[in-house]
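Input: a single structure, listed below in structure tokens.
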Amino acid sequence: MLASRVFSLVGRRALSTSICLRAHGHAGVVKAEDFSLPGYVDRRDTPLPEVAFVKDLSAQQKALKEKEKASWTALSVDEKVELYRIKFNESYAEMNKGTNEWKTVLGAVLFFLGVTGLILIWQKHFMYGPIPHTFSDDWLSMQTKRMLDMRINPVEGISSQWDFEKNEWKK
């Protein structure tokens with residue numbers, strides 16, 4: 001059942017993609033936005049966008065724009081707000097209002113850190129073998145004694161730190 005559902009979705013996607021490809025270039029089917037013209041963007045550092053937010057005005061908005069040309073004292077507060085919304089999408093207060101996106105980002109970071117931790121635990125448990133015997137304290141002490149007996153690097157190395165007469169480390 002799951003396989004038939006997947007094949008249905010994949011087939012539908014392939015069909016819609018092929019139709020879009022065949023329709024490419026016909027003006028009535030596919031409409032692309034002209035990016036050579038200025039676009040509307042709400043930004044704090046550019047307070048006056050190049051174009052208005054609403055490009056195609058309705059009949060009511062056109063009447064309001066005509067009423068705007070007269071005295072602004074005749075306009076109500078709601079009409080002034082509607083005129084503002086024709087030109088701008090958001091006010092500065094709305095642009096500066098904080099979002100809760102940080103919670104999503106923090107949740108995603110913690111999720112992936114958790115998954116990474118689980119992968120590391122799994123690798124330590126199933127992939128890595130036991131710690132080699134050369135890491136044991138006994139082996140390290142025997143190796144150090146052998147290096148001292150061979151007098152390895154007597155000028156600046158480990159043998160220079162050992163007092164051979166007193167049989168202890170120099171202080």
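Structure notes:
- Where a residue in segment 60-73 is more than 17 Å from residue 85 (Cα to Cα) and of a type in the set (A, V, I, L, M, F, W, C) and its partner, wherever it lies, is at pLDDT below 95 and open to solvent by less than 100 Å² (accessible area, probe 1.4 Å), with Cβ under 6 Å and at least six apart: none
- Some residue of segment 71-80 being aromatic (Phe, Trp, Tyr), farther than 22 Å from residue 40 by Cβ, surrounded by 10 or more Cβ atoms within 10 Å (Cβ to Cβ) and within 23 Å of the chain's Cα centre (by Cα): no
- Residue 93 vs. criteria open to solvent by 70 Å² or more (accessible area, probe 1.4 Å), in a helix (DSSP H, G or I), small (Gly, Ala, Ser) and under 30 Å from residue 37 (Cβ atoms): yes
- Set 58, 4: member being modelled with pLDDT under 85 and hydroxyl-bearing (Ser, Thr, Tyr): 4
- Scanning segment 131-171 for residues being open to solvent by 100 Å² or more (accessible area, probe 1.4 Å), of a type in the set (Phe, Trp, Tyr) and out of contact with any strand residue (DSSP E or B) (no Cβ under 7 Å at 6 or more places or on another chain) gives a total of 1.
The values are calculated or read from the model by the stated rules, or taken from the named source; none is laboratory data. Since the model is a prediction, treat every value here as computed from it, not as a measurement. So basically every Cβ, Gly included, is an ideal-geometry build from the backbone, and we count neighbours across all protein chains shown. Only protein heavy atoms, including side chains, enter the accessible area calculation; ligands, DNA and RNA are left aside. Shrake-Rupley method; radii C 1.70, N 1.55, O 1.52, S 1.80 Å.
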